[in-house]
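S.K.: Here you go, one structure.
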Amino acid sequence: QVQVVESGGGLVQAGGSLKLSCAASGRTFRTYTMTWFRQAPGKEREFVGGISWIGGSTSYADSVKGRFTISRDYAKNTVYLQMNSLKPEDTAVYYCAAARGVLTTTVAGYDYWGQGTQVTVSS
């Protein structure tokens, strides 16, 4: 079982950057695919990007491709989401999720979720 805790959210101006962290517990962290989702008010939770435990391959939503980067530090059991060139439409609660298995973009594919961290981008 894995527990995940997000941190690093905040208020930033459009064009700015933020780096979110997702700290995971458990000795089997390296065997979990780790993914970021986000949910804006009145909208469904959506896939942002993820990093597979198999070879560390990454995948991103088209809306963030080229602006967001996911990385993981196995020694620290932590996954990061570096967000650059932020836009007001990136405003949402960002969630970290973990799953054993291949990287999937669906909410139902993840067993473990953090409490979320708010990101607000002002115009």
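Read-outs throughout are calculated quantities, based only on the coordinates presented, and are distinct from any laboratory measurement. No experiment lies behind these values; they were computed from the predicted model shown. In this analysis, Cβ positions are derived from the backbone assuming ideal geometry, glycine residues included, and neighbour counts consider all displayed protein chains.
S.K.: Beyond 22 Å, what percent of the Cα pairs of the chain remain?
M.R.: Pairs farther apart than 22 Å: 26 percent.
S.K.: Counting only C-alpha contacts under 8 Å and six or more residues apart, can you give the relative contact order of the chain as a whole percent?
M.R.: 36
S.K.: With 10 Å bins from zero, work out the P(r) of segment 1-58 over every alpha carbon pair and list the percent per bin.
M.R.: Going from the shortest bin to the longest, the percentages are 18, 44, 31, 7.
S.K.: Determine, from the Cβ-Cβ distance of residue 19 and residue 106 and an R0 of 35 Å, the FRET efficiency 1/(1 + (r/R0)^6), rounded to the nearest 0.05.
M.R.: Once rounded, the FRET efficiency stands at 0.85.
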